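The values are calculated or read from the model by the stated rules, or taken from the named source; none is laboratory data. Everything quoted here is computed from the prediction, not taken from an experiment. Positions of Cβ are generated from backbone atoms using ideal geometry, with glycine treated the same way; all protein chains shown enter the neighbour counts. The area values use the complete protein model at the heavy-atom level, side chains included, leaving out ligands, DNA and RNA. Shrake-Rupley method; radii C 1.70, N 1.55, O 1.52, S 1.80 Å.
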Amino acid sequence: MKKIGIVDTTFARVDMAKFAIDELKSNITGYKIIRYTVPGIKDLPVACKILFDEKECDIIMALGMPGSKPIDKQCAHEASIGLINTQLLCNKHIIEVFIHEDEAENDKELLWLVESRAREHALNVIDLLFKPQSLIKNAGKGLREGFEDAGSLLD
Amino acid sequence: MKKIGIVDTTFARVDMAKFAIDELKSNITGYKIIRYTVPGIKDLPVACKILFDEKECDIIMALGMPGSKPIDKQCAHEASIGLINTQLLCNKHIIEVFIHEDEAENDKELLWLVESRAREHALNVIDLLFKPQSLIKNAGKGLREGFEDAGSLLD
Amino acid sequence: MKKIGIVDTTFARVDMAKFAIDELKSNITGYKIIRYTVPGIKDLPVACKILFDEKECDIIMALGMPGSKPIDKQCAHEASIGLINTQLLCNKHIIEVFIHEDEAENDKELLWLVESRAREHALNVIDLLFKPQSLIKNAGKGLREGFEDAGSLLD
Amino acid sequence: MKKIGIVDTTFARVDMAKFAIDELKSNITGYKIIRYTVPGIKDLPVACKILFDEKECDIIMALGMPGSKPIDKQCAHEASIGLINTQLLCNKHIIEVFIHEDEAENDKELLWLVESRAREHALNVIDLLFKPQSLIKNAGKGLREGFEDAGSLLD
Amino acid sequence: MKKIGIVDTTFARVDMAKFAIDELKSNITGYKIIRYTVPGIKDLPVACKILFDEKECDIIMALGMPGSKPIDKQCAHEASIGLINTQLLCNKHIIEVFIHEDEAENDKELLWLVESRAREHALNVIDLLFKPQSLIKNAGKGLREGFEDAGSLLD
């Protein structure tokens, strides 16, 4: 049975995992979810590494909400590099679901964005794990997670 | 038989792989193409790592279209570092074919640039794999992929 | 018996470790603390690596106070990348406790912030080591170490 | 017999390798040169890795001419990090010979700079490989490759 | 017998190693110094790696003087990342002694700073190698190498 890791933070201002897990449950069966919560986004890489190595996860969603200050941007950058390195060490995908606080104009839009992006990336996880052909079919379609798709330049 | 990996994204706004594959087919025979599509450019490094380790690719084209916002530039930077690390881990070339949305003045030029750069880098892949001497012959010629060649300072 | 590493610097302007250790002692028993002090924050990663590999620490707190100049910010960035890499090499958590001098308006607030953040991160260490379920319970709660919690967007 | 790798790009606007090789030939005998040309500077790290691992080079010159745009600076940064990592993986020196297009006021000066820096770094390669004591003798002398030496503060 | 590596550059404008070695000799006996000089600061990481792996150094001082231009700052950043990675690969300390040319107001102050910082970091090397307890005693004391100590916030 496939194992999907869900790693998130106490720093985030929404329970992002809830949306991701709900989306997974609405779409697939026959898999196991492993939860892991850490304080902040810079703690995500090693949490993913541990889930791959010790819990045998097949894929992981790493969810976080970096703040809007320059130091927060730098933390997100460091976390992203760590997440990419983790994937290279384990030969497995981590889908990074980061929402930057300044991506939205207000709390209401931010909340919408978090749910929307978490759900759409949960679908990416399903595709990577069970339906890679459907990603190939969507290559170059200008898909976006959260906000509206940019669409193809050819449309 | 040599295996060429073609890795691209659903984020890109053009099916970049189509041009790359067409150019390969127009120029060489006796090789196999392995496709792999991921959501975004930060998913490219591990996809390449998997193609090298599990599908025994000999070389890979990693195609992507970063957006024009600062966060997109940072993502491209993180992806590029990951792609270089992947090459060092596998001792094989990944030709990164990134087109930044703000490289072109409008959608028409952007589309032209994508096709042109993808095709010219496909030729680089062929040279690296089958004709390394032709790259040596062009050393220092100021070649550019997509836009016009800068040319040699000695010309 | 679990071993908690406490790594700090002579560069910091407060004995951060004192607060962290005091908080640990106030909350748990049956563990061992291993101290290690280095000159500056860029010396922290290898100190942590040595504590994991040679002293068998189960988790480490890395405490530092970067200055406010651009070069200090760059040092903090380099140290953070190194700390993340160390965790990936050892599959164990390092809780980074950095206080930037320009986070506070004056020395009094800075001192308060150092103590507050060190103590709250000590509690994170306890949770990661002994009570991971309590972190899951707080996922998405907008917790902050030091300054007031940002709170959940849903409250 | 010692093997010196010479890795360069088709992106560069001068055949930098020509100057480097000429300088080597003018100064030493009893060694072998291995050429390798890649499209751009981000392809240099893996080319060096391959030359070390598969062609048993003892030292490598990595020659490139980054452009003057911000994206070019970023590419140079990524390439440099990759070149340093390659050295750490192989325990051998790579002498990076990069000339940024905006280092010179015009094409004539740029051409002079390329030749001058390539030749002076070729001498560094000779010293590292055959005469490490002569580098120690010049420690702290404010040497520069290409432009005039800055000189010692004590002179 | 302990071995201390001293790695420096021909780019630096002062023989930094002289001060470091003099300070070591004034304070301890019964150790061996291994010198290694490279062209620039980006050559320091692999030089340290070689000294650890092939000359069995127990600790290394990496001395350099980055220039004041943006490209020099970037080189220092790349070198620092490489030095941290080297330490993680070898589980041994490298004390980075960098003096940026723009840290001082004039050449006289710069020269003073170089000597002062090199000597004070030599004492750090001695502490790390022989007297780690004295570093713990100075934790949080706001020590600085070169310029005046910032001191403790509690004083």
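Condition first: assigned to a strand (DSSP E or B), more than 21 Å from residue A:70 (Cα to Cα) and hydrophobic (A, V, I, L, M, F, W, C). Now tell me which residues in the range C:34-65 satisfy that. Explain how you work it out, then say what you get.
Looking only at the range C:34-65, we keep the residues that are assigned to a strand (DSSP E or B), and these are C:34-38, C:59-64.
Now restrict to residues that are more than 21 Å from residue A:70 (Cα to Cα): C:34-38, C:59-62.
Answer for the range C:34-65, where residues must be assigned to a strand (DSSP E or B), more than 21 Å from residue A:70 (Cα to Cα) and hydrophobic (A, V, I, L, M, F, W, C): C:34, C:38, C:59, C:60, C:61, C:62.
So, residue D:73, is that one under 23 Å from residue B:152 (Cα atoms) and within 11 Å of chain E (Cβ to nearest Cβ) or not? Can you show your working first?
Values: under 23 Å from residue B:152 (Cα atoms): yes; within 11 Å of chain E (Cβ to nearest Cβ): yes.
Yes, satisfied.
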Which listed residue is open to solvent by less than 10 Å² (accessible area, probe 1.4 Å), in contact with a strand residue (DSSP E or B) (Cβ under 6 Å, 6 or more places away or on another chain) and either more than 10 Å from chain D (Cβ to nearest Cβ) or modelled with pLDDT of 95 or more (or both), from B:94, B:99: B:94
The range B:90-103 residues that are more than 28 Å from residue D:90 (Cβ to Cβ), paired with ones that are part of a strand (DSSP E or B) (beta carbon under 8 Å, 6 or more apart): B:99/B:64
One residue from A:152, A:116, A:68 being farther than 30 Å from residue C:121 by Cα, more than 12 Å from the chain's Cα centre (by Cα) and either outside any helix (DSSP H, G or I) or not basic (Lys, Arg) (or both): A:152
Single unsatisfied condition, residue B:47 versus (1) among the small types (Gly, Ala, Ser); (2) in contact with a helix residue (DSSP H, G or I) (Cβ under 7 Å, 6 or more places away or on another chain); (3) under 30 Å from residue E:85 (Cβ atoms): (2)
Residue count for the range A:125-141, restricted to those that are surrounded by 24 or more Cβ atoms within 10 Å (Cβ to Cβ) and in a helix (DSSP H, G or I): 1
Among (1) in contact with a helix residue (DSSP H, G or I) (Cβ under 6 Å, 6 or more places away or on another chain); (2) under 28 Å from residue D:153 (Cα atoms) - the single one residue E:65 does not satisfy: (1)
Looking only at the range B:52-77, and only at residues there that are at pLDDT 95 or above and of a type in the set (D, E, K, R), the one that is least open to solvent (accessible area, probe 1.4 Å): B:58
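Of all residues in the range D:10-26, count the ones that are small (Gly, Ala, Ser), under 16 Å from residue D:146 (Cα atoms) and more than 8 Å from every other protein chain (Cβ to nearest Cβ). Quick ask: steps written out before the conclusion?
Looking only at the range D:10-26, we keep the residues that are small (Gly, Ala, Ser), and these are D:12, D:17, D:20, D:26.
Now narrow it down to the ones that are under 16 Å from residue D:146 (Cα atoms): D:17, D:20.
With the extra rule that they be more than 8 Å from every other protein chain (Cβ to nearest Cβ), the set shrinks to D:20.
Final tally of qualifying residues: 1.
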Matching residues, the range D:103-132, being touching a helix residue (DSSP H, G or I) at 6+ places or on another chain (Cβ under 9 Å) and of a type outside the set (A, V, I, L, M, F, W, C): D:103, D:109, D:115, D:116, D:117, D:119, D:120, D:121, D:124, D:127
Where a residue in the range D:117-141 is under 22 Å from residue D:32 (Cβ atoms) and facing another protein chain (nearest Cβ under 8 Å) and its partner, wherever it lies, is of a type outside the set (Ser, Thr, Tyr) and assigned to a helix (DSSP H, G or I), with Cβ under 9 Å and at least six apart: D:121/D:20; D:121/D:23; D:124/D:135; D:124/E:43; D:128/D:135; D:128/E:43
Of all residues making up the range D:6-33, the number that are within 14 Å of residue B:139 (Cβ to Cβ) and assigned to a strand (DSSP E or B): 5
Selected residue (criterion: surrounded by the fewest Cβ atoms within 10 Å (Cβ to Cβ)) from residues of the range A:81-91 that are at the interface with chain B (Cβ under 7 Å from one of its Cβ atoms) and under 21 Å from residue A:2 (Cα atoms): A:91
Filter result for residue C:115 (acidic (Asp, Glu) and closer than 30 Å to residue A:51 by Cα): no
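Among the residues of the range E:102-113, which ones are assigned to a loop (DSSP other than H, G, I, E, B) and either open to solvent by 30 Å² or more (accessible area, probe 1.4 Å) or closer than 30 Å to residue C:111 by Cβ (or both)? Can you show your working first?
Going through the range E:102-113, the residues assigned to a loop (DSSP other than H, G, I, E, B) turn out to be E:104-106.
E:105, E:106 - these are the residues of the range E:102-113 that are assigned to a loop (DSSP other than H, G, I, E, B) and either open to solvent by 30 Å² or more (accessible area, probe 1.4 Å) or closer than 30 Å to residue C:111 by Cβ (or both).
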Boolean, residue C:33 is on the phi < 0 side of the Ramachandran plot, under 15 Å from the mean Cα position of the chain (by Cα), more than 8 Å from chain E (Cβ to nearest Cβ) and open to solvent by 20 Å² or more (accessible area, probe 1.4 Å): yes
Residue within the range C:5-15 that is closer than 22 Å to residue A:50 by Cα and surrounded by 24 or more Cβ atoms within 10 Å (Cβ to Cβ) present: yes
Condition check for residue A:38: more than 9 Å from every other protein chain (Cβ to nearest Cβ), within 30 Å of residue C:73 (Cα to Cα) and either modelled with pLDDT under 95 or surrounded by 24 or more Cβ atoms within 10 Å (Cβ to Cβ) (or both): no
